[in-house]
1. Quickly estimate the mean residue ellipticity at 222 nm for the chain, helices only: each DSSP H run with n ≥ 4 gives -39500 (n - 2.57), and the total goes over all residues, rounded to 500.
2. Any idea what % of Cα-Cα pairs in the chain are farther than 29 Å?
3. Going by the alpha-carbon gyration tensor, a ≥ b ≥ c the square roots of its eigenvalues, is the range 170-286 rounded (a/c under 1.5) or, if a/c is not under 1.5, prolate (a/b greater than b/c) versus oblate?
4. Explain nothing, just the number: relative contact order of the chain, from Cα pairs under 8 Å at least 6 residues apart, as a whole percent.
5. Please work out the FRET efficiency for the pair Lys177 and Thr128, using the Cβ-Cβ distance as r and a Förster radius of 22 Å; give the result to the nearest 0.05.
6. Take the alpha-carbon centre of the range 47-83, take the same for the range 114-166, and report the distance between them in whole Å.
7. When all alpha-carbon pairs of the range 222-294 are counted, what percent fall beyond 15 Å?
8. Round to the nearest 0.05 the FRET efficiency obtained for His65 and Glu136 when R0 = 25 Å and r is the Cβ-Cβ distance.
Amino acid sequence: MGLEPWDELRTALHVARAGTVSGAAASLRVHHATVIRHIDALEDRVSVKLFQRHAKGYTPTEAGHALFETAAETEKQFEQLAARLQDMQEGISGQMIVTTIPEMSTLLLPAIAEMMRQYPTLKPCLRTEARVLRLEYGEAHVAIRAGGKPQEPDNVVQSLGELSVALYASAEYVERKGVAATDDALISHDFIASSDKDSRAPYDHWLTKHGGNVVLNSNDHATRLAAIKAGLGMGFLAVVQGQAEGLQQVMPARADWGTTLWLVTHVDLHRSPKVQACARLLREYAATLTETQT
């Protein structure tokens, strides 16, 4: 037997959370008689007791707990859908969540700053996580990803070009250890590298294959950058970042070190004004990153 209408299920969920009819009625802004009527109707509909009634209120039964777990997930999906619909109506304002890999976080700050200048009512949020945020669940509006072309269904994927990556070191490190003219010479050098054994970065694979003395591993890009600047070892950086940090390029960018960048949006929000505005700015800025070939 079906569990419609949704109002009855939502009312019961509020009772389970509040523990009382009056608490649920207050949160839903309805009369307590409406709450009781919804609960009775829902229990009749499913032919199962969902609550134990007692002097202090209502406690979900085992069946009630099972039903409310599903109801809570359904409620969350409704809220995410409502947020998407609201996003489409707001125009270029409100929250704008951009997600990318940690290595790209500082590179995107100029684009975020331009976004804030052009659209003062927009509230950008930059989420940098190794985990791939799910656009279909509303975890982000726009994603910039690296590597192979994203294959998730219902996403709009656009290439942003190739991000050049070169090998960098501090002036102090180069003075102390010298430079490596050939790949074979790199064996005698110290490297700062990722501690992620499952890293998909091309330069991590290259380093594993060609060797080199890894003196420091870290899963945090900011820590790796600080270690390179401190002279602990050499490391791979996007050319635009290596230049901005004033580091010395030990070896120039190579095709097998670089990676493709992708701009990803969900089809439901792709045409919304603020996603379009954000995507335009990110495309324009990415062009300045991928054109840097030094």
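1. When only DSSP H runs of four or more count, the value is -13500 deg cm²/dmol.
2. I get 53 percent for the Cα pairs in the chain exceeding 29 Å.
3. Prolate, since a/c reaches 1.5 and a/b exceeds b/c.
4. 21 percent
5. So, using R0 = 22 Å, E works out to roughly 0.10.
6. Here the two parts' Cα centres lie 35 Å apart.
7. Across the range 222-294, Cα pairs with separations above 15 Å total 64 percent.
8. My answer for the efficiency is 0.35.
The values are calculated or read from the model by the stated rules, or taken from the named source; none is laboratory data. Remember, it's a predicted structure, so these values are computed and weren't measured experimentally. Cβ sites come from the backbone with ideal geometry, for glycine too, and all protein chains shown count toward neighbours. All accessible areas refer to the heavy atoms of the entire protein, side chains included, with ligands and DNA or RNA removed. Shrake-Rupley method; radii C 1.70, N 1.55, O 1.52, S 1.80 Å.
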